[in-house]
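Q: Just passing along the structure, written as C-alpha cells.
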C-alpha cells in the first residue's frame with residue numbers, strides 16, 4: 001500500500017481502470033482543474049451495464065458540472081495493469097507526452113507503479129493516489145472493504161511477479 005507522490009506539472013494525467021465509485025476520475029479532475037495538465041487520458045476496458053468505464057467516468061465528471069474538454073478515452077482492451085500500461089504508454093509516446101501523472105487508488109499504487117515503470121522506463125511517471133472509499137490505509141483491517149482490498153491487492157502483487 002502506498003500514499004502516492006506529490007503531483008507536479010505534466011503533459012497528461014492518466015486515470016487507471018477501476019475505482020468504480022469515482023474516486024480516481026474525481027482525483028484526476030481535481031488535478032486538471034488545479035492546472036497540473038490540460039489532458040486527462042482515461043483507461044478502462046470494463047463494460048458495466050453495457051457502458052464502457054471511460055464513458056461512465058466522463059459522464060460522472062460532466063454530471064458534477066465540470067467540463068470534459070481535454071478528456072479522452074484510451075480505448076484500452078487490457079485485462080491487467082501490465083497490459084493497460086503497455087496500451088496507454090503507446091498513446092503517450094505517440095503524442096510525445098513524457099511527463100505523466102498516473103492516478104490510481106492507494107491500495108493499487110505499489111503494484112501499479114512497479115508495472116508502469118517496467119513498461120515505460122523512458123517516461124517521467126508520478127503516481128498520485130486517490131483515496132479509496134471505505135478504506136483507511138493505517139486501519140485497513142478495521143472494515144470488511146479494507147480487508148478485501150488488501151487481500152486482493154496482495155494476491156495480484158504476488159501473481160504479477162509470475163506474469164499471471
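Q: How many nm is it between the label spots at residue 49 and residue 9, if each spot is 7 Å from the Cα in line with the beta carbon?
A: Between residue 49 and residue 9, the simple spin-label model gives 4.1 nm.
Q: Using the Kirkwood radius over Cα pairs, work out the Stokes-Einstein diffusion coefficient for region 4-45 at 10 °C and 1.306 mPa s, in µm²/s as a whole number.
A: Values: Rh = 10.5 Å.
Here the translational diffusion coefficient equals 151 µm²/s.
Q: Please tell me the relative contact order of the chain in percent, rounded to the nearest whole number, where contacts are Cα pairs under 8 Å and at least six residues apart. It would help to have the intermediate numbers written out before the result.
A: On the way: 274 pairs, mean separation 46.0, N = 164.
This gives 28 percent for the chain.
Q: Quickly estimate the mean residue ellipticity at 222 nm for the chain, helices only: each DSSP H run with n ≥ 4 gives -39500 (n - 2.57), and the total goes over all residues, rounded to 500.
A: Details: 5 runs with 64 residues, N = 164.
Taken over the chain, the calculation gives -12500 deg cm²/dmol.
Q: Only Cα pairs under 8 Å and at least 6 apart count here; give the relative contact order of region 23-82 as a rounded whole percent.
A: Working: 60 pairs, mean separation 22.2, N = 60.
Value for region 23-82: 37 percent.
Q: Moving to a separate point now. Of 32, 138, 118, which has the largest mean-square fluctuation in a 10 Å C-alpha GNM of the chain?
A: Most flexible of the set in this elastic network: 138.
Q: Compute the normalised compactness of region 1-147: alpha-carbon radius of gyration over 2.2 N^0.38 Å, N being the residue count.
A: Numbers: Rg = 14.4 Å, N = 147, 2.2 N^0.38 = 14.7 Å.
Taking N as the residue count of region 1-147, the ratio is 0.98.
Taken together, the values in this text are just the output of simple stated rules run on the coordinates, not laboratory data. All of these numbers come straight from a predicted model, not from anything done at the bench. No Cβ is skipped: glycine too gets one built from the backbone with ideal geometry, and neighbour counts run over all protein chains shown.
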